[in-house]
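Asker: The structure's right below; bear with me while I get my questions together.
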Amino acid sequence: MTEVVDRYLIAEPAAHLRRPLAKIQPVLAKQGTPNIDIEKLRATVGGVAVINEMIAIESPEHWAEVIGGLGNDVDAILPVSIPAYPTEIWNSHPQPLVDRGLPLIFWPLVEFDEPDFWRWSARDFLQALGVEVQIIKNQRHGLAFLKALGMKRMLNGAKLVVFGEQNFPWNAHAAGHLIQESLGTEIVVKTLEDMRSRYDRFSDEEVDRVWNKRKGRYINKGASEDELKLAIKVYLSIRSILEEEQALGFGVNCYGDLIIKGGRDVPCLAQMLCREDGYIAACDGDFCAMMSMVLITYYLDKTCMMSNMYPVSYVGALQDHFGGNPLSPNKDLYARNRWKNMARLAHCGFIGVISPEMSRNGKGVLKDWGGTWEIKRDGKGCGVATDLRGGEKMTVVELCFDGRTLLLADGSVLESTHHEGMPHCESSALLEFRDLEAFVENISREHTAIVYGEHIEELQVLADVLGLQTKIF
C-alpha cells in the first residue's frame, strides 16, 4: 500500500548534489549488424546514463588502441555482438580489458527482458583474468546498475561536514578515514563556532524572505518567533559552509557539544530546509548515518530520515531512558508474540527530523525543542514534531563504521504514537521488522536511516558496485 513519495526540492540542486549520469562505451566486436539497438537503449537509459557513439573494431591492434584509450570519464564498456556467433574480440584478446580495468556490461535481451545466458562462459573466463563483468538480468536491473555507477563516481571526492566535538563513537577524527578509504568521501570536521560566527551575517529581512518562501510546507505549533528566526539563521550559516566546501550534507553533534553546554540553536529546521536544497542531513554528527542517507537519497531519489531505534523488548533500558515509561506497544492492537520484532523511533522529544513529504498531510510540524528525560525541555529552540505515516513499508539502512559493511532490513511503519504527559517524549514511531533480533545482533549503532518502500534489491546492486558487503534482515 506504499504510496509514491516524491523527494521535494525547492529548486534545481547544485551540480555536485545531482547523481552524475554514468557514461557507457559500446564496442562492436567487428564490422556488421549489432545485436543491440543502440538508439532504443539510449531511450531506455535516458536520465540515468549516456551511451557514447559505438566503435566497431577493425583488428586486434585497433581493439587494444580503443580500450587503452578510453578516458577516465567512461564508467563501463558495453560489448556488442553481431549475429551468427562470431569469434569475439574480447574472448580472443582479453588483455586490453585486464589492463584498462573497466567493468564490462552484457545487456539483456531487450525483446524478452531476460539475461543473455550465452554470456556465462565469457563472464567466468574474463572474471578469472581479473575483469569485472556484469550479465544484466533485465532492464530494471540494468538501470539500477547504471545508477550505481553514477553513485560511485559521485562519492569519489565528495565531502560531508560534521560540526562539534568528536566525542561519540562516530568520531570523525578517529574513524572518518575509513569512509574515505572505502567510498572516497571525506568527512570534514568544523567547530560550532564555525557555524555560530556567521549568524550575524544574515539580516531579519533575509530571514523573512527565506521563511516566506518555505513556510507553506510547515505548521508552527510552539516555536517562538525569535527561536524560529534563529533556526533559519542556523540554516543559512550551515548552508553557506556547505556551499564553500561543495559538500553533500551535514550533521551537528548536539548532545556531545551544543545541547550539553546550554545551546539551543539546534539544527532541526536547518536539516529540513537543507534537504529541500538537495543536501542530506542527519542528527548528532553521525557520519555513518549521513553516508547511509547519501546512499538512499542520491541513489533512490527518495527522501529519508534517521533517528534512535529502541527495541521494545528492552524494557529496562527504555524505562531508564524515558523516565519510567518503556513505551510498550498497545497490547490490544499488537499481540505480545510480535513485540520481539518491534522497535520505537524517538529523538529529542519527538520521532526525529522528518521532512514534510514523509508525513500524512505533506506538512512539517515545528515546536520548541523537546529535550530528554535528563536534559529538560525549556521552551527554547525549534524542534520538529512531524509524524511518520503508519502502514508504510520501509527499508532500514545502516552503513557500519568500517565503511565496507552495509546492513539492510525491511519492515513496516505501524503507527506514530503520541504519549500523554511526556514532554520529553511527545511522540515516537512504532516499527515492525522482518527479523529485528538478527538485525540487532549485527547492528552498528542506534541510529538507523529509514526510507519508505521495499528497496533491498536495488540497494544490493549499489553495494555490489561500491564493493560493500551486505547483510540482509
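Asker: Would you tally the residues in the stretch 237-259 being part of a helix (DSSP H, G or I), open to solvent by less than 10 Å² (accessible area, probe 1.4 Å) and among the polar types (S, T, N, Q)?
Answerer: Here the count works out to 1.
Asker: May I pose another question? Among 309, 358, 305, which is the only one that is farther than 30 Å from residue 14 by Cβ and either of a type in the set (A, V, I, L, M, F, W, C) or open to solvent by 10 Å² or more (accessible area, probe 1.4 Å) (or both)?
Answerer: 309
Asker: Output the number of the condition that residue 222 fails; it satisfies all remaining conditions of (1) among the small types (Gly, Ala, Ser); (2) outside any loop (DSSP other than H, G, I, E, B); (3) in contact (Cβ under 8 Å) with a residue 24 or more places away in the chain.
Answerer: Here residue 222 meets the rest and fails (2).
Asker: For residues in the stretch 76-115 being assigned to a loop (DSSP other than H, G, I, E, B) and of a type in the set (Gly, Ala, Ser), which is surrounded by the most Cβ atoms within 10 Å (Cβ to Cβ)?
Answerer: 81
Asker: Now for a separate question. Would you call residue 328 more than 27 Å from residue 399 (Cα to Cα), among the hydroxyl-bearing types (Ser, Thr, Tyr), at pLDDT below 95 and open to solvent by 20 Å² or more (accessible area, probe 1.4 Å)?
Answerer: Yes; evaluated as a whole, the condition is true for this residue.
Asker: Please state which one of 29, 22 is closer than 27 Å to residue 298 by Cβ, touching a residue at least 60 places away in the same chain (Cβ under 8 Å) and either among the small types (Gly, Ala, Ser) or touching a Lys or Arg at 6+ places or on another chain (Cβ under 8 Å) (or both).
Answerer: So the residue among 29, 22 that is closer than 27 Å to residue 298 by Cβ, touching a residue at least 60 places away in the same chain (Cβ under 8 Å) and either among the small types (Gly, Ala, Ser) or touching a Lys or Arg at 6+ places or on another chain (Cβ under 8 Å) (or both) is 22.
Asker: Next question, about the same structure. Going through 122, 158, 172, 148 one at a time, which residue ends up being small (Gly, Ala, Ser), touching a residue at least 60 places away in the same chain (Cβ under 8 Å) and out of contact with any Gly (no Cβ under 8 Å at 6 or more places or on another chain)?
Answerer: Working: 122 fails: touching a residue at least 60 places away in the same chain (Cβ under 8 Å); 158 fails: out of contact with any Gly (no Cβ under 8 Å at 6 or more places or on another chain); 172 fails: out of contact with any Gly (no Cβ under 8 Å at 6 or more places or on another chain).
Exactly one of 122, 158, 172, 148 is small (Gly, Ala, Ser), touching a residue at least 60 places away in the same chain (Cβ under 8 Å) and out of contact with any Gly (no Cβ under 8 Å at 6 or more places or on another chain), namely 148.
Asker: Still on this structure: Mind checking which residues of the stretch 55-75 are closer than 23 Å to residue 144 by Cα and open to solvent by 40 Å² or more (accessible area, probe 1.4 Å)?
Answerer: 72, 73 - these are the residues of the stretch 55-75 that are closer than 23 Å to residue 144 by Cα and open to solvent by 40 Å² or more (accessible area, probe 1.4 Å).
Asker: Continuing with the same structure: So if I check each of 262, 251, which one is at pLDDT below 95, over 30 Å from residue 140 (Cβ atoms) and of a type in the set (Gly, Ala, Ser)?
Answerer: Criteria check complete, one pass: 262.
Asker: Looking only at the stretch 1-44, count every residue that is in contact with a helix residue (DSSP H, G or I) (Cβ under 9 Å, 6 or more places away or on another chain), modelled with pLDDT of 95 or more and either part of a loop (DSSP other than H, G, I, E, B) or of a type in the set (Phe, Trp, Tyr) (or both) and tell me the total.
Answerer: Adding up the residues that qualify gives 10.
Asker: Same structure again: (1) over 30 Å from the mean Cα position of the chain (by Cα); (2) under 30 Å from residue 298 (Cα atoms); (3) open to solvent by less than 50 Å² (accessible area, probe 1.4 Å); (4) of a type outside the set (Gly, Ala, Ser): which one isn't true of residue 123, the others all being true?
Answerer: (3)
Asker: Look at residue 144 and say whether it is under 20 Å from the mean Cα position of the chain (by Cα), surrounded by 15 or more Cβ atoms within 10 Å (Cβ to Cβ), part of a helix (DSSP H, G or I) and hydrophobic (A, V, I, L, M, F, W, C).
Answerer: Here the answer is yes, as residue 144 does meet what is asked.
Asker: Please determine, by comparing only the residues of the stretch 156-211 that are part of a helix (DSSP H, G or I) and aromatic (Phe, Trp, Tyr), which one is surrounded by the fewest Cβ atoms within 10 Å (Cβ to Cβ).
Answerer: Filtering first and then ranking leaves 199.
The values are calculated or read from the model by the stated rules, or taken from the named source; none is laboratory data. Here the structure is a predicted model, which means the values were calculated and not measured. Virtual Cβ from ideal backbone geometry, glycine too; neighbours counted across all protein chains shown. With ligands, DNA and RNA removed, areas are computed over all heavy atoms of the protein, side chains included. Shrake-Rupley method; radii C 1.70, N 1.55, O 1.52, S 1.80 Å.
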